[in-house]
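**Q** I am attaching a structure below and will ask some questions about it afterwards.
Each value in this text was obtained by applying a stated rule to the coordinates, not by laboratory testing. Everything numeric here is computed off the predicted structure, so don't read it as measured data. Here the Cβ positions follow ideal geometry from the backbone for every residue, glycine too, while neighbour counts run over all protein chains shown.
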Amino acid sequence: MAAADPPLPSDGGTPAPSPGVAPPAVRLPSPLVEVEEPALARYGVRLLLKRDDLIHPRLVGNKYRKLRLNLDAAAAAGHRTLLTFGGAYSNHLRATAAAGRLCGFATVGVVRGDELAGRPLNPSLAAAAADGMRLEFVDRATYRRKAEPEVLAALLDRHGPAYVLPEGGSNALAARGCADLGRELAGAADVVAVACGTGGTLAGLAAGLPAGAEAIGFAVLRGGSFLDADVARLQHAAFGGRRGRWRVEDRFHHGGYARTTPDLEVFADAFTALHGLPVERVYVAKMLYGVAALAREGAFAPGTRVAAVITG
Ligand SMILES: *Cc1c(COP(=O)(O)O)cnc(C)c1O
């Protein structure tokens, strides 16, 4: 996938522009399209797809919304480097690398698992490296302590001053950036469904929705009940308190992060066949499956407009 991408502006040996946030061509508000989905239509429920996957070819989905205000803040503070954290398949690491390349920041990715250091990079890390991200692999014990002052100080010592983004990119500015998603859906949806990893997107989305609309976050990790506290904490940091109507559904993780089940595969393949939309498996498939399951349970009154956020 990365190999077919068009060259980026800073390719070809020209030095990266000085960090400023001349945003790359982004498509916002993202398109909203209604589809005829039998799994919902059977219950009189309407389905709209909020195509955040079309925001930018490299800064896909919610990742651009989460990074936008952070890039502004980093530039305003005079930083030239972004440093962040993630697992070997992290979409956030990849998006941060692309954002750095496009907006003129150097990037450092701290990757969980030092056993990966000597091995060939997987496609996700290879894409991040191709965008110029310097990768540092750390052992799992140290990785768990990444937010501790000494660990962070050692990293900054090795890589130089940097604007630090948390794992998954969810902080107060990320949540604020995602409030636009709720605003864009005002008047068009009664329920908004979004997949949750860290919950930053849900925190912002719910805050941006008008009163009366509800956001439902579908946890893709096993044991997603930590999300209730995390989303509340992010809303507090971003907006000063709890905002909007939202809740977390943790029944549709299908075994946990990046796990799948035959049932989920059948559902996602059928959705793709019917709507011509490749369904991203780690997050989006679980959310869509959960929406169909809730409709079957009678969770939505006939006539309800459900907007499903296609985050990737
Ligand atoms: C990162 C990601 C999410 C989860 O976002 P959070 O703000 O961490 O909850 C959802 N969908 C896709 C495709 C993602 O890459």
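**Q** Report, by chain and number, residues whose modeled amide H sits under 5 Å from the one on Val248, excluding near sequence neighbours (fewer than 5 apart, same chain).
**A** For Val248, whose amide H was placed from the backbone, the distant partners under 5 Å are Gly217.
**Q** Please give the charge dipole size of the chain, origin at the Cα centre, charges +1 on K and R Cβ atoms and -1 on D and E Cβ atoms. Round to the nearest 20 debye.
**A** Around 420 debye, computed over the chain.
**Q** OK, next. Once both labels are modelled 7 Å past Cα along the beta-carbon direction, what's the Phe226-Ala299 spacing in nm?
**A** A separation of 2.2 nm, rounded to one decimal place.
**Q** Based on the alpha carbons, how large is the Rg to Rh ratio for the chain when Rh follows Kirkwood?
**A** My calculation of the ratio gives 0.97.
**Q** Right, another one. Pick out which of Ala75, Ala41, Ala295 has the largest mean-square fluctuation in a Gaussian network model of the chain, springs linking Cα atoms closer than 10 Å.
**A** Ala41
**Q** Sticking with the crude label model, points 7 Å out along Cα→Cβ, report the distance from Ala73 to Arg251 in nm, one decimal please.
**A** A separation of 3.6 nm, rounded to one decimal place.
**Q** If I histogram all Cα-Cα distances within segment 26-178 using bins 5 Å wide from 0, what percent of pairs lands in each bin?
**A** 2, 9, 17, 19, 18, 12, 8, 6, 5, 3, 1, 0
**Q** In degrees from 0 to 90, rounded to the nearest 10, what is the angle of the helix 284-296 Cα long axis to the longest principal axis of the chain?
**A** Helix 284-296 sits roughly 20 degrees off the main axis of the chain.
**Q** Once each part is reduced to its C-alpha centroid, what is the distance from segment 150-229 to segment 241-280 in angstrom?
**A** If you average the Cα positions of each part, the centres end up 17 Å apart.
**Q** Could you tell me how many degrees, from 0 to 90 and to the nearest 10, lie between the Cα long axis of helix 149-159 and the main elongation axis, the longest principal axis, of the Cα atoms of the chain?
**A** 60
**Q** Shifting gears a bit: Can you tell me the FRET efficiency between Thr272 and Val26 if r is taken as the Cβ-Cβ distance and R0 is 22 Å, rounded to the nearest 0.05? Don't jump to the answer; show the numbers that get you there.
**A** On the way: r = 25 Å, r/R0 = 1.15.
For Thr272 and Val26, the calculated efficiency is 0.30.
**Q** Rounded to the nearest 500, what is the chain's calculated 222 nm mean residue ellipticity when only DSSP H runs of at least 4 contribute -39500 (n - 2.57) each, over all residues? Please report the intermediate quantities before stating the final value.
**A** On the way: 11 runs with 119 residues, N = 312.
Calculated from helices alone, the mean residue ellipticity at 222 nm is -11500 deg cm²/dmol.
**Q** For Val151 and Ala211, FRET efficiency with R0 = 35 Å and r from the beta-carbon atoms, rounded to 0.05?
**A** 0.25
**Q** Taking Lys66 as the anchor, which aspartates and glutamates have their alpha carbon closer than 20 Å to its alpha carbon, excluding any fewer than eight residues away along the same chain?
**A** Within the straight-line limit of under 20 Å, Lys66 reaches these aspartates and glutamates: Asp52, Asp53, Asp131, Glu167, Asp180, Glu184, Asp228, Asp230, Glu280.
**Q** Also: Taking the 0 to 90 degree range and rounding to the nearest ten, how far is the long axis of helix 262-275 tilted relative to the main principal axis of the chain, both from C-alpha atoms?
**A** Rounded to the nearest ten degrees, it is 80.
**Q** Please check: in the Gaussian network model of the chain (C-alpha springs, under 10 Å), which one of Val279, Val266, Val192 has the largest mean-square fluctuation.
**A** Residue with maximal mean-square fluctuation among Val279, Val266, Val192: Val266.
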